[in-house]
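All remarks here apply to the structure that follows.
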Amino acid sequence: TQIQQELVATRETQEKLLNENSELQAILDAIPGYITVVDKEYRILDVSNNLLLAFGFTGKEEVLHKHCFRIFRERDTPCPYCVVPQALATGQPQTRYTNLDFLPDSPSRCYKAYVSPIFNQSNELIGVVEAVMDVSDLKKTEVALQESEARYRLLAENVKDVIWKTDEHFNLTY
């Protein structure tokens with residue numbers, strides 16, 4: 001009776017937690033890129049399945065509660081280019097680009113890391129979430145645009161004829 005009610009309440013609570021964890025995992029996996037949640041000591045609290053697959057892990061138990069720098073970079077200390085320390089020190093979001101070999105067998109890719117602090121209900125910083133996105137195509141497009149603009153500028157500055165550009169109202173824009 002009393003014990004049965006407590007058992008039912010315990011089962012319901014466990015089911016609710018399981019559902020919440022499943023929903024959180026679905027959210028992490030729905031975000032494009034690679035997601036890692038770490039505490040203030042750089043221990044992994046959660047990861048997206050995309051990240052596990054990319055690094056060849058078969059389950060979360062291989063990475064949870066281990067230092068991110070050991071698991072992903074085989075280092076004994078935090079990575080020198082990592083912006084997690086700045087996010088932890090300032091409590092502010094940080095971003096960085098990297099051409100490092102983020103993933104095994106992908107040396108020619110460019111990644112952008114977004115690191116955002118996580119606060120508890122008492123507004124205390126408890127860790128960060130890092131989302132790493134492959135931005136290689138975007139970076140190639142930016143470089144191509146810069147090169148095209150430089151060639152256009154060189155041509156326009158060295159031509160002997162007058163060149164101007166107007167908008168749809170015939171106002172000079174160049």
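The values are calculated or read from the model by the stated rules, or taken from the named source; none is laboratory data. Values in this document were obtained by computation on a predicted structure and should not be read as measured data. Backbone-built Cβ (ideal geometry, glycine too); neighbour counts: all protein chains shown. Accessible surface areas use protein heavy atoms only, side chains included; no ligands, DNA or RNA. Shrake-Rupley method; radii C 1.70, N 1.55, O 1.52, S 1.80 Å.
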- prompt: Any idea what the relative contact order of the chain is, in percent, if you count C-alpha pairs under 8 Å spaced at least 6 apart?
  reply: 16
- prompt: Can you list the cysteines of the chain that have no other Cys Cβ under 4.7 Å away?
  reply: Cys68, Cys110
field: Identified option (computed Rg and Dmax of the Cα atoms in Å; candidates (i) 24.4, 97; (ii) 28.8, 104; (iii) 14.7, 42)
entry: (i)
field: Residue-averaged [θ]222 nm for the chain, counting only DSSP H segments that reach four residues, each worth -39500 (n - 2.57)
entry: -13500 deg cm²/dmol
message: For Lys139, give me every one of the lysines with a C-alpha distance below 23 angstrom, ignoring sequence neighbours fewer than eight places off in its own chain.
response: Lys112
statement: Note: Ile3 to Arg109 extended length (0.36 nm per residue) minus current alpha-carbon separation gives 32.4 nm
task: Express the accessible area of the chain per residue in Å², computed with a 1.4 Å probe while the remaining protein chains stay in the model.
output: 71
statement: Whole-percent carbon and sulfur contribution to the accessible surface of the chain (1.4 Å, no ligands, DNA or RNA) stands at 54
- request: Exposed loop trypsin sites (Lys or Arg not before Pro) only (DSSP loop, at most 10 other Cβ atoms within 10 Å): please give the longest stretch of the chain free of them, not including the sites.
  value: 1-159
message: Full-extension gain between Lys66 and Ile118, please, as 0.36 nm times their residue separation minus the C-alpha to C-alpha distance.
response: 16.9 nm
- prompt: Stretched out fully, how many nm does the piece from Leu24 to Trp164 gain, at 0.36 nm a residue minus the Cα gap?
  reply: 44.9 nm
statement: Sorted list, accessible surface of protein heavy atoms, 1.4 Å probe, largest first, for Phe119, Phe55, Phe170 is Phe170, Phe119, Phe55
In the range 117-174, the GluC sites (Glu not before Pro) that fall in loop regions by DSSP, at most 12 other Cβ within 10 Å: Glu124, Glu168
